[in-house]
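FYI, it's all coordinate maths here, none of it is from the lab. This structure is a prediction, so every number in the text was calculated from the model and none was measured. Don't worry about glycine lacking a Cβ; one is built from the backbone with ideal geometry, like all the others, and counts go over all protein chains shown.
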Amino acid sequence: MDRKDLTAADLAGAAWRKSILSGNNGGNCVEVATNLPGIIAVRDSKNPNGPALVFAPGEWRAFLGGVRLGEFNE
């Protein structure tokens, strides 16, 4: 899927989920939808009607790999 396709992604059927580690206190959380073909969508749980970031599956895997390796730790 090319970048043009990602920017026009239809998120109407997205099944959003957030980490069980986020708790129920309304904290700063993101939600991820992985059920859409060819894309991974990410949004701010405090603003569910706001914009979402959309990634190709390979981009998302690379990001998660970096998180697991601590690449984003300060």
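Quick one: what pairs do we get from segment 43-68, first residue under 13 Å from TRP16 (Cα atoms) and free of Cβ contacts under 8 Å to residues at least 40 places away in the same chain, second of a type in the set (S, T, N, Q) and not in a helix (DSSP H, G or I), C-beta under 7 Å, 6+ apart or different chains?
Partner pairs satisfying both residue conditions: none exist.
If I ask for residues that are in a strand (DSSP E or B), in contact with a Phe, Trp or Tyr (Cβ under 9 Å, 6 or more places away or on another chain) and either among the hydrophobic types (A, V, I, L, M, F, W, C) or loosely packed, with under 10 Cβ neighbours inside 10 Å (or both), which ones from segment 17-51 would you list?
Within segment 17-51, VAL32, ALA33, ILE40, ALA41, VAL42 qualify.
Take segment 28-59 and flag every residue that is of a type in the set (A, V, I, L, M, F, W, C), touching a Ser or Thr at 6+ places or on another chain (Cβ under 9 Å) and under 18 Å from GLY13 (Cβ atoms). Steps first, answer last, please.
Just the residues of segment 28-59 that are of a type in the set (A, V, I, L, M, F, W, C), to begin with: 29-30, 32-33, 36, 39-42, 52-56.
With touching a Ser or Thr at 6+ places or on another chain (Cβ under 9 Å) added as a condition, the list becomes 29-30, 32, 40-41, 54.
Within segment 28-59, VAL32, ILE40, ALA41, VAL54 qualify.
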